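Comments concern the structure below.
The values are calculated or read from the model by the stated rules, or taken from the named source; none is laboratory data. All figures in this text were calculated on a predicted structure; none of them were measured in a lab. Don't worry about glycine lacking a Cβ; one is built from the backbone with ideal geometry, like all the others, and counts go over all protein chains shown. With ligands, DNA and RNA removed, areas are computed over all heavy atoms of the protein, side chains included. Shrake-Rupley method; radii C 1.70, N 1.55, O 1.52, S 1.80 Å.
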Amino acid sequence: KELAKMGVMHGSHVGLSSQNSINFVIAFFAIQKLGAFSQLINNQLKIDELLRLFNSGDVEYFCYGDLNENVDTFINELKSCDNNPIKEYYSISSSIDFKTKTDKYEVAKNLNLPKVDGDMADLQDGL
């Protein structure tokens, strides 16, 4: 919902950079569900490298988690660059990640998983 409020829509290009986490996965699928394109970006890149990717990939939105440097300083420096095409920034890192903000089965329920037999059936009965 937050990405849509920022203006991400069908055809938008969204940069996504973070360490592997549940937040990264959920952000990736949220971007796909909106019909936008995810440009997966190495979280070790420097600002000049990011700007080249943003400009060559028509990236307008940037979702970020843990980066290679102090995140706040890095993002503020990135925002101040003249040739920066990013309209909106969205942090996917926090001390409370997406999975702890909702009931643990809510995420799985929203994925519309098909019914399964066997061991997984017990899990899905809780959905």
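Structural remarks
- Condition met for Ala36 (open to solvent by less than 70 Å² (accessible area, probe 1.4 Å), touching a Gly at 6+ places or on another chain (Cβ under 9 Å) and at pLDDT 95 or above): yes
- Options Leu3, Leu16, Leu34, Leu40; residue that is touching a Leu at 6+ places or on another chain (Cβ under 9 Å) and more than 26 Å from Thr73 (Cβ to Cβ): Leu34
- One residue from Phe29, Phe24, Phe74, Phe54 being surrounded by fewer than 16 Cβ atoms within 10 Å (Cβ to Cβ) and either modelled with pLDDT of 90 or more or not polar (S, T, N, Q) (or both): Phe29
- Yes/no for Asn83 being over 22 Å from Glu2 (Cβ atoms) and of a type in the set (S, T, N, Q): yes
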